[in-house]
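Chemist: Sharing a structure, written as structure tokens. Questions coming.
Taken together, the values in this text are just the output of simple stated rules run on the coordinates, not laboratory data. None of the values given here were measured: they were computed from a predicted structure. Backbone-built Cβ (ideal geometry, glycine too); neighbour counts: all protein chains shown.
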């Protein structure tokens, strides 16, 4: 009977410790994930064309994409659509922009997240594309 009480007490202690660890990790994940609210999709305006974020990103840039410039101005996600060349409502000023020979294929914009460089793909927006989501 004494051993049964010890085993139950020990099991209860382990379950409490595990649940505390889970709650701590869940709280840290909520702190690290930043919720972004916007009226317009994240976009970039380059060489008289509008490009919308796809959600695809890579840690290495495809070899056929070459540097063409940097983001010069950033407008708020909730207020404006970028309409000047090398402007964005998401990418920071100074972010590098890359394209292939065919601009309508899309562009990559460099983002640094948690000290890691990511190349985010933006697709060319034609007149039928919905920019509000």
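Chemist: Cα atoms only, the range 43-124: Rg and Dmax in Å?
Modeler: Rg then Dmax for the range 43-124, in Å: 11.5, 35.
Chemist: For residue 81 and residue 115, compute 0.36 nm times the residue count separating them, minus their Cα-Cα distance, and round to one decimal in nm.
Modeler: Net length gain for the segment: 9.4 nm.
Chemist: With a cut-off of 13 Å, note down the residues of the range 54-83 whose backbone N falls inside the zone around a label point 7 Å from the Cα of residue 101 toward its beta carbon.
Modeler: Within reach of a label on residue 101, which here means backbone N under 13 Å from a point 7 Å along Cα→Cβ, the range 54-83 contributes 64-66.
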